[in-house]
1. Considering (1) closer than 24 Å to LEU140 by Cα; (2) within 15 Å of the ligand (Cβ to nearest atom), say which one ALA229 fails and leave the rest.
2. Report every pair of residues separated by at least 6 positions or lying on different chains whose Cβ atoms are under 7 Å apart, first residue within segment 156-169 and within 16 Å of the ligand (Cβ to nearest atom), second open to solvent by 20 Å² or more (accessible area, probe 1.4 Å).
3. For the subset of segment 207-233 comprising residues that are in contact (Cβ under 8 Å) with a residue 12 or more places away in the chain and part of a helix (DSSP H, G or I), which member is farthest from ILE166 (Cα to Cα)?
4. For segment 178-213, give me each residue that is aliphatic (A, V, I, L, M) and open to solvent by 70 Å² or more (accessible area, probe 1.4 Å).
5. Looking at PRO209, PRO183, can you tell me which residue is under 24 Å from LEU90 (Cα atoms) and not aliphatic (A, V, I, L, M)?
6. Please count how many residues of segment 134-162 are open to solvent by less than 70 Å² (accessible area, probe 1.4 Å), in a helix (DSSP H, G or I) and out of contact with any Phe, Trp or Tyr (no Cβ under 7 Å at 6 or more places or on another chain).
7. With a cut-off of at least 3 residues that are touching a Ser or Thr at 6+ places or on another chain (Cβ under 9 Å), name the strands (runs of 3 or more DSSP E) lying wholly within segment 9-119.
8. Have a look at MET68, MET84 and point out the one that is crowded, with 20+ Cβ neighbours inside 10 Å, away from the ligand (no atom under 16 Å from the Cβ) and modelled with pLDDT of 95 or more.
Amino acid sequence: MKKLFIGTNLKMFKNIEQTVSFLRDLQERTKGVPRSEMCLFVIPSYTALESATKSVSQDSIKLGAQNMHWESQGPFTGEISPLMLKELHLDIIEVGHSERRQLLGETDYGVNKKVLSACAHGFTALLCVGETGEQKDAGLSEETLATQLKIGLLKFPPDQLDKVWIAYEPAWAIGATGIPASPEYANAMHKVIKQTLKKTFGDRADTIPVLYGGSVNYENSSSLIVQEAIDGLFIGRAAWEAEAFTKIIDQVLPLWKTKILAKV
Ligand code: PGA
């Protein structure tokens, strides 16, 4: 069965102890869910990563970093290299989150270098794309997504597409002041993403999961996951307590299975 992808980015929240306790609690609460049905992942802060890898099994919860420099080493003060992250045996590198694009000057071409480097070092690249509110209001959502994807995946080796996940996270939907995208709008943008990937990579792109993120919570998670083109959820605030996160998982997984089985 095609797996449900569901995960959370802890952003600049939770210290080492809080991260470890969250992960252990989440692993315990979700131990009854077969991982053949669900890929569960958590992306903690750098300082908590080493303890995180020691506290849970990555067969149960995959772990990732929130960013990475593209070079293996060099005079890049304050940056973290792929080799350093490899030492921790992580699975995922998140690239191009809208907070990094908007607040920290990340460009599509910089994102591309990180995606290629993550792939070259054997990580799964979780490429985040999404339009700003201004772009949406100007009718530029589709063009923005296509540009971010085409540049973000420039020269990406097609035989390694199983190491790419996409998160559609409209910037206007993220965070405490965000307004969640309607399920219909999110589905339409997921279709644009899938069409763009297909135009670029052909049928090989069919396996790339496209996750929705931006103010996902218990209340809206069901209506999002039943949408045809949504393959998973990338959640922020609403997933930062293990009990609340597990409630979302327990609610959406049966809906996901029904959707997938109906397609077969
Ligand atoms: P949010 O964060 O769910 O708190 O809006 C989503 C994200 O930034 O990935």
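The values are calculated or read from the model by the stated rules, or taken from the named source; none is laboratory data. Since we're looking at a predicted model, the values are computed, not measured. Please note: Cβ atoms are built from the backbone with ideal geometry, for glycine as well, and neighbour counts cover all protein chains shown. Only protein heavy atoms, including side chains, enter the accessible area calculation; ligands, DNA and RNA are left aside. Shrake-Rupley method; radii C 1.70, N 1.55, O 1.52, S 1.80 Å.
1. (2)
2. Close Cβ pairs (under 7 Å, with a partner that is open to solvent by 20 Å² or more (accessible area, probe 1.4 Å)) amount to TRP165/PHE5.
3. Filtering segment 207-233 down to residues in contact (Cβ under 8 Å) with a residue 12 or more places away in the chain leaves 207-218, 220-233.
Still in the running and part of a helix (DSSP H, G or I): 207, 218, 220-225.
Values: THR207: 11, TYR218: 22, ASN220: 20, SER221: 18, SER222: 20, SER223: 20, LEU224: 16, ILE225: 15 Å.
Here the answer is TYR218.
4. ILE179
5. Testing whether each residue is under 24 Å from LEU90 (Cα atoms) and not aliphatic (A, V, I, L, M) leaves just PRO209.
6. Total meeting the criteria: 10.
7. In segment 9-119, the matching strands (runs of 3 or more DSSP E) lie at 38-43, 62-65.
8. Working: MET84 fails: crowded, with 20+ Cβ neighbours inside 10 Å.
Exactly one of MET68, MET84 is crowded, with 20+ Cβ neighbours inside 10 Å, away from the ligand (no atom under 16 Å from the Cβ) and modelled with pLDDT of 95 or more, namely MET68.
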